[in-house]
Every structure is written in C-alpha cells, then in structure tokens.
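To start, the structure under review is shown below, and the notes come after it.
The values are calculated or read from the model by the stated rules, or taken from the named source; none is laboratory data. The model shown is predicted, which means the values in this text are computed figures rather than measured ones. In this analysis, Cβ positions are derived from the backbone assuming ideal geometry, glycine residues included, and neighbour counts consider all displayed protein chains. For the accessible areas, the whole protein counts, side chains as well, though only heavy atoms, and no ligand, DNA or RNA atoms are used. Shrake-Rupley method; radii C 1.70, N 1.55, O 1.52, S 1.80 Å.
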Amino acid sequence: MDYKIGYYAVSKAGHDKGKTYLIWSVDDEYVYLVNGETKKIESPKKKKKIHIQVKCSIDRRVKQKLSNNCKITDDDILEALQRHLQGR
C-alpha cells in the first residue's frame, strides 16, 4: 500500500469510521490524518495503517503546494476534502 502525504484516506474502524481525511505524515505503523476542521495540522489523528483505506488520489491544489514546497494550511485541507466529497 502506498501511504503518500496528501492522499485521501477513509477510516475503516473506530468512532470515525467512514470519515475522509488527508494523510499528513507517515511512520512505520501509523499514519497521521488531518481534515482541517476537527483534526488540524498541529494535532493530527494518529491511526494504524490497517484501519484506513487509502484513495490513491490527491487534490491538484494540494499536490501543487507540496511540489513547490509551499505551506499548506488547515483551510487548504478543508477545501480539498470538500472538493473531493462533492466529486470535483
């Protein structure tokens, strides 16, 4: 499985089952997820890799900021998730 920063991830377990996040960082066992609202950049949700389903897609604006080493804000993340959930 490819756990890349900026990819969409859907929770498969826990009280947040079915919620969509963006992957903010990754280590050996965990991913750290943000949604720009309840889980912000400064306090991401720690989730075991086996408890998420990765959507191998990334918002083009987030991708552009990542590739240009620009700062990504919680508002950027929230907007990306809204576009994704609305199918844009």
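Find out how many positive minus negative residues lie around VAL10, taking Lys and Arg as positive, Asp and Glu as negative, among other residues whose Cβ is under 12 Å from that of VAL10.
Here the count lands on +4.
What percentage of the solvent-accessible surface of the chain, computed with a 1.4 Å probe over protein heavy atoms, is contributed by carbon and sulfur atoms?
Summing carbon and sulfur atoms, their accessible area is 46 percent of the total for the chain.
At 1.4 Å probe size, put THR38, THR20, THR73 in order of accessible surface, largest to smallest.
THR38, THR73, THR20
What 222 nm value per residue comes from the helices of the chain, counting each DSSP H run with n ≥ 4 as -39,500 (n - 2.57) and dividing by all residues, nearest 500 deg cm²/dmol?
Counting only the DSSP helices, I get -6500 deg cm²/dmol.
Would you list the P(r) distribution for the stretch 1-82, with all Cα-Cα distances sorted into 5 Å bins from 0 and each bin expressed as a whole %?
Going from the shortest bin to the longest, the percentages are 3, 17, 30, 27, 17, 5, 1, 0.
Compute, for the chain, the length of the dipole vector about the Cα centre, with Cβ point charges of +1 (Lys, Arg) and -1 (Asp, Glu) only. Units Debye, rounded to 20.
So the dipole magnitude of the chain works out to roughly 260 debye.
Counting Lys and Arg as +1 and Asp and Glu as -1, what is the net charge of the other residues whose Cβ lies under 10 Å from the Cβ of ILE50?
Summing Lys and Arg as +1 and Asp and Glu as -1 gives +3.
Considering only the other residues whose Cβ falls under 11 Å of the Cβ of GLY36, what net charge follows from Lys and Arg at +1 and Asp and Glu at -1?
Computed value for this residue: -3.
Expressed in nm to one decimal, what extension gain is obtained for the pair ASN69 and VAL54 from 0.36 nm per residue of sequence separation less their Cα-Cα distance?
Result: 3.1 nm gained on full extension.
Once the cut-off is 16 Å, how many percent of the Cα-Cα pairs in the stretch 44-84 end up in the long-distance tail?
In whole percent, the share of Cα-Cα pairs in the stretch 44-84 beyond 16 Å is 46.
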